[in-house]
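Notes to accompany the following structure.
The values are calculated or read from the model by the stated rules, or taken from the named source; none is laboratory data. Keep in mind the model is a prediction, meaning the values are calculated, not measured. Glycine gets a Cβ as well: all are built from the backbone with ideal geometry, and neighbour counts include every protein chain shown. Keep in mind that these areas ignore ligands, DNA and RNA; they rest on the heavy atoms of the full protein, side chains included. Shrake-Rupley method; radii C 1.70, N 1.55, O 1.52, S 1.80 Å.
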Amino acid sequence: MTGAAVTWHDVEHGSYDADLPLWRQLADATGGPVLDLGAGTGRVSVDLAAHGHDVVALDSDPELLAELSEREPSVRTVHADVRAFSIDAQFPLVIAPMSLVQILGGHRGRVAMLRNVHAHLSPGGLFAAPISDPKDAVPAELIPPPLPDILERDGWVYSSQPLSMYEQDGCVVIERRRQAVSPSGEIQEEDVRIEVGVVSLDQFEAEAREAGLRPVARKTIPETLDHIGSTVVLCRR
């Protein structure tokens, strides 16, 4: 049976695909291997590999990387924290999909990641990371409640239901109830808390400059019925 970390990662992130065309476009334009930061179970890495790209996937969770390798053996995996990693290679394209840069503990964590990105970019290489404003998703109250994310696997039904969203200490806090229903109808539940940092585009670009990168453009990923939109900051080494 698939481990809990893999299952909940797939439940809450696996169905998102609004950003995939942009990653494919950037990979097609830059050529060479792509470094996918915070790769998880391979939502982006597997898609890029399926479109003929050489991909290195980095994540801090070995369970997620093991699942990625099962799904796409051609993707090389690296177990490391994005704020402190060393790979004996440079890349023409480094990407940090989803809200990775907003869950690194604030300014210090982002700059640490950006310095590592600078060290692993080829001269003239491109770095791309989306920034969203999670405050846009904070309602006065969750009435009616949003639909849960649902996944059926091995006879189990998994759902992740947002219970509340609120601002606190420069973050948006999302509280979710995760529920797993076994084939025999037994129910397992747990409540989890997720913090997404708030950072402006100008602030992130300033942090990129601090790390030696040069912001060159911004791209838009439109919102969907289930996800807020984001702006992708593009930087050159």
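Some notes on this structure:
- Among the residues of the stretch 24-56, the one identified as among the basic types (Lys, Arg) and either within 16 Å of residue 66 (Cβ to Cβ) or touching a Gly at 6+ places or on another chain (Cβ under 7 Å) (or both) is 43.
- Of all residues in the stretch 53-87 being under 16 Å from the mean Cα position of the chain (by Cα) and among the polar types (S, T, N, Q), the one that is nearest to residue 32 (Cα to Cα): 77
- Taking the criterion of being open to solvent by less than 50 Å² (accessible area, probe 1.4 Å), at negative phi and either at pLDDT 90 or above or out of contact with any Pro (no Cβ under 8 Å at 6 or more places or on another chain) (or both), the residues of the stretch 154-170 that qualify are 156, 158, 159, 160, 161, 164.
- Of all residues making up the stretch 113-141, the number that are modelled with pLDDT of 95 or more and either assigned to a helix (DSSP H, G or I) or open to solvent by 50 Å² or more (accessible area, probe 1.4 Å) (or both): 9
- Residue that is surrounded by the most Cβ atoms within 10 Å (Cβ to Cβ), among those in the stretch 1-33 that are among the β-branched types (Val, Ile, Thr) and more than 15 Å from the chain's Cα centre (by Cα): 7
- The criterion of at least 1 residues that are in contact with a strand residue (DSSP E or B) (Cβ under 7 Å, 6 or more places away or on another chain), within 22 Å of residue 100 (Cα to Cα) and of a type in the set (S, T, N, Q) is met by the following strands (runs of 3 or more DSSP E) wholly inside the stretch 142-200: 156-168.
- Yes/no for residue 151 being in contact with a helix residue (DSSP H, G or I) (Cβ under 6 Å, 6 or more places away or on another chain), open to solvent by 10 Å² or more (accessible area, probe 1.4 Å), in contact (Cβ under 8 Å) with a residue 60 or more places away in the chain and aliphatic (A, V, I, L, M): yes
- Only residues that are within 24 Å of residue 28 (Cβ to Cβ), of a type in the set (S, T, N, Q) and in a helix (DSSP H, G or I) were counted in the stretch 39-98, giving 1.
Quick grid of which residues meet (1) of a type outside the set (A, V, I, L, M); (2) farther than 30 Å from residue 168 by Cβ:
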| site | (1), (2) |
| --- | --- |
| 4 | no, no |
| 76 | yes, yes |
| 96 | no, no |
| 116 | yes, no |
| 120 | yes, yes |
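Residues are listed down the side, and each one gets a yes or a no for (1) open to solvent by less than 20 Å² (accessible area, probe 1.4 Å); (2) touching a Lys or Arg at 6+ places or on another chain (Cβ under 7 Å); (3) touching a residue at least 60 places away in the same chain (Cβ under 8 Å); (4) among the aromatic types (Phe, Trp, Tyr):
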residue: 195; (1), (2), (3), (4): no, no, yes, no
residue: 207; (1), (2), (3), (4): yes, yes, yes, no
residue: 211; (1), (2), (3), (4): yes, yes, yes, no
residue: 218; (1), (2), (3), (4): no, no, no, no
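- No other residue among 52, 38 is at positive phi, in contact with an Asp or Glu (Cβ under 7 Å, 6 or more places away or on another chain) and open to solvent by 20 Å² or more (accessible area, probe 1.4 Å) apart from 38.
- Filter result for residue 76 (in contact with a strand residue (DSSP E or B) (Cβ under 6 Å, 6 or more places away or on another chain), open to solvent by 30 Å² or more (accessible area, probe 1.4 Å) and modelled with pLDDT of 95 or more): yes
- For first residues located in the stretch 83-112 and open to solvent by less than 10 Å² (accessible area, probe 1.4 Å), partners that are hydroxyl-bearing (Ser, Thr, Tyr) and lie 6+ apart or on another chain with Cβ distances below 7 Å form the pairs 91/122; 93/30.
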